[in-house]
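What follows is a short report on a single structure.
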Amino acid sequence: MMTNPFRPYGAKLRRLTGRAQPDFHAGAVESWEEAPGSVHRFYPSLALPGQVERIRASVFADMPATIEALTRDGGAAEAPTMGWRFRDVDLVDGVLYHRGAEFHLRPRRRKLGLAFRPKHAMRGAIYETWATNRWFGSWLMDALVASQLAAATGMAATTAPAPRPGSHTARYEELVGVQPARITGDVHFDEMLLFDDLGNNLTKGVRQRALRDRLLAGRALQPVPGVFLLRGTGGDLRLLQNELELAERLARERGYLVIDPLKASADELISACGAARAIVGVEGSHLAHGILVAPPGAAIVPIQPPERVAATLKQLSDRLNQRFGLLVAEGSDSQFTLEWRDLAATLDLFD
């Protein structure tokens, strides 16, 4: 059986000819609010004078939006959590196709995107996004909590490959009880559910805190002044050149634990950070290990490269009622330094 093999090809032609792309979600046979939108009370990041002025570039949003997210003080509307039901959807090379529209879950591997209708048909509830497939921190922040929505339907599914046994991903899935169908190739969905769970609404906050409780259940936590999570040269290059010097001084003078997430298990990270009064380290996915389980009121202080400032981790800390610090280093997006006095004085703001 062959679909219109031009589903993927037709979408490419529309882009090349400048034609408007159809709205993928408009083709749903049903849509609903899983959780209503709400007004969230935001508190500005704690920061020393002059930190905003150090910001030269941002990622994931333009600079005005990023600075506003980091410094806003007051209520702001958060979007509802939405669900859609579709019929007759093809998943080809990481892209969903339906009625001439497309929705990308991951980068394509095939240059032209031509394909026959997938022979395998299934039903599935998709909870992943492009971002959660690209960044481990986004997966920890958003896919884990959204997986609860998909699991409730009894047909959770993901294109993410089965994680390596013993990996952080595998252990988090085990602890949370995530058992999705693994989609390993092209498939046809007779029925497909899709969720948008990016809004920081009140119900998502409730699910996020329940997830934290589940990760911490049964652990004998030891309170610590703070945890410094090393980044080193792992992942995209974001090198704090005096990282070890700062970490060792925090350990020596303030009693912080210093942990390299690449050398620690998920259980070790959860137990170390679950009662920490502060989580510190270079901005990046590895900090999500600590934020995910740190207690309410904990200080979350990412060290931001001046040419790559992001507000995404603040979304997670806001959901967990933690306090966020804005601390900007000096240098570029990939190599930078931070003075000890700036780090120490920023942490003192939380006392």
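The values are calculated or read from the model by the stated rules, or taken from the named source; none is laboratory data. Please read these numbers as outputs of a predicted model, since none were measured by experiment. Cβ: placed from backbone, ideal geometry, glycine included. Neighbour counts: every protein chain shown. Note: accessible area is taken over every heavy atom of the protein model, side chains too, but ligands, DNA and RNA are not part of it. Shrake-Rupley method; radii C 1.70, N 1.55, O 1.52, S 1.80 Å.
Any chance you could count how many residues in the range 266-286 are open to solvent by 10 Å² or more (accessible area, probe 1.4 Å), of a type in the set (Gly, Ala, Ser) and under 15 Å from residue 225 (Cα atoms)?
Summing the residues that are open to solvent by 10 Å² or more (accessible area, probe 1.4 Å), of a type in the set (Gly, Ala, Ser) and under 15 Å from residue 225 (Cα atoms) in the range 266-286 gives 3.
Please work out which residue is modelled with the lowest pLDDT, limiting yourself to the range 213-245 and to residues that are open to solvent by less than 20 Å² (accessible area, probe 1.4 Å) and not aliphatic (A, V, I, L, M).
Applying the filter and picking the extreme gives 238.
For residue 210, only one of the following conditions fails: (1) more than 16 Å from residue 290 (Cβ to Cβ); (2) part of a loop (DSSP other than H, G, I, E, B); (3) of a type in the set (A, V, I, L, M). What is its number?
The failed condition is (2).
Being at pLDDT 95 or above, surrounded by fewer than 20 Cβ atoms within 10 Å (Cβ to Cβ) and of a type outside the set (Gly, Ala, Ser) is the filter here; which residues of the range 177-187 pass it?
Within the range 177-187, 182 is the sole residue that qualifies.
Just for the range 101-127: of the residues that are open to solvent by 80 Å² or more (accessible area, probe 1.4 Å) and within 13 Å of residue 187 (Cα to Cα), which one is modelled with the highest pLDDT?
Across the range 101-127, the extreme among qualifying residues is 123.
List the strands (runs of 3 or more DSSP E) inside the range 254-351, counting only whole elements, that have at least 2 residues being farther than 27 Å from residue 204 by Cα.
Once the strands (runs of 3 or more DSSP E) in the range 254-351 are filtered for at least 2 residues that are farther than 27 Å from residue 204 by Cα, what remains is 257-259, 335-337.
Could you pull out the residue among 192, 141 that is surrounded by 19 or more Cβ atoms within 10 Å (Cβ to Cβ), out of contact with any strand residue (DSSP E or B) (no Cβ under 6 Å at 6 or more places or on another chain), in contact (Cβ under 8 Å) with a residue 12 or more places away in the chain and within 29 Å of residue 36 (Cβ to Cβ)?
So the residue among 192, 141 that is surrounded by 19 or more Cβ atoms within 10 Å (Cβ to Cβ), out of contact with any strand residue (DSSP E or B) (no Cβ under 6 Å at 6 or more places or on another chain), in contact (Cβ under 8 Å) with a residue 12 or more places away in the chain and within 29 Å of residue 36 (Cβ to Cβ) is 141.
Looking at the range 54-100, which of its residues are open to solvent by 20 Å² or more (accessible area, probe 1.4 Å) and in contact with a Leu (Cβ under 6 Å, 6 or more places away or on another chain)?
Hits for the range 54-100 are 84, 85.
Consider residue 169 carefully, then state whether it is in contact with an Asp or Glu (Cβ under 8 Å, 6 or more places away or on another chain), β-branched (Val, Ile, Thr) and either open to solvent by less than 50 Å² (accessible area, probe 1.4 Å) or farther than 25 Å from residue 319 by Cα (or both).
Here the answer is no, as residue 169 does not meet what is asked.
Pairs under 6 Å by beta carbon, first residue under 13 Å from residue 247 (Cα atoms) in the range 334-351, partner open to solvent by less than 10 Å² (accessible area, probe 1.4 Å) and assigned to a loop (DSSP other than H, G, I, E, B), six or more apart or different chains?
Every condition considered, the pairs that remain are 338/329.
Could you grab the pairs with beta carbons closer than 7 Å, sequence gap of 6+ or different chains, first residue in the range 67-90 and in a helix (DSSP H, G or I), second one polar (S, T, N, Q)?
70/45; 71/45
Can you work out which of the residues in the range 55-101 that are β-branched (Val, Ile, Thr) and more than 18 Å from residue 333 (Cβ to Cβ) is farthest from the chain's Cα centre (by Cα)?
Going through the qualifying residues, I end up with 89.
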